[in-house]
Structure formats: structure tokens, C-alpha cells
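**Student:** Attaching a single structure in C-alpha cells format; questions to follow.
Read-outs: derived from the displayed coordinates by stated rules, not from any lab. From a predicted model like this one, the values you see are computed outputs, not experimental measurements. All Cβ positions, even for glycine, are placed from backbone atoms using ideal geometry, and neighbour counts span all protein chains on display.
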Amino acid sequence: MKSLILYFLKTYLLFVPVFLLQKPLFMWFYHDLFAGIGVTDYWDVMWH
């Protein structure tokens, strides 16, 4: 049971940073679509 919980935590801690960075990187890659936003909007996207 303990190993299952550790496996879940490792997987969770691996994917959370990926998902946090995925949308801002998408916005940066397609910067033409998001030309009117500021730096703080990138932080708002990560917080959302």
C-alpha cells in the first residue's frame, strides 16, 4: 500500500510541472495569437 501511494505521489509530482508549463509554452509558441497580452497574463494562465 505504501509503495502504491509513493507511486501516485511521484507520478503526480512529475505531471504537475508539465501541466503548469504546457499552456504558457503554447502561448509563447503561438505568440501571434496572443499578441495583446502582458507578462502577468501568463502567470494568470498558470494560476488558473
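**Student:** Within segment 1-32, list the chymotrypsin sites (Phe, Trp or Tyr not before Pro) lying in a DSSP loop whose Cβ has at most 10 other Cβ atoms in a 10 Å radius. Numbers along the way, then the final one.
**Tutor:** On the way: sites: Tyr7, Phe8, Tyr12, Phe15, Phe19, Phe26, Trp28, Phe29, Tyr30; in loops: Tyr30.
Taking segment 1-32 and a limit of 10 other Cβ atoms within 10 Å, the loop chymotrypsin sites (Phe, Trp or Tyr not before Pro) found are Tyr30.
**Student:** For the pair Trp28 and Lys2, how long in nm is the line joining their label points, each one 7 Å along Cα→Cβ?
**Tutor:** 4.0
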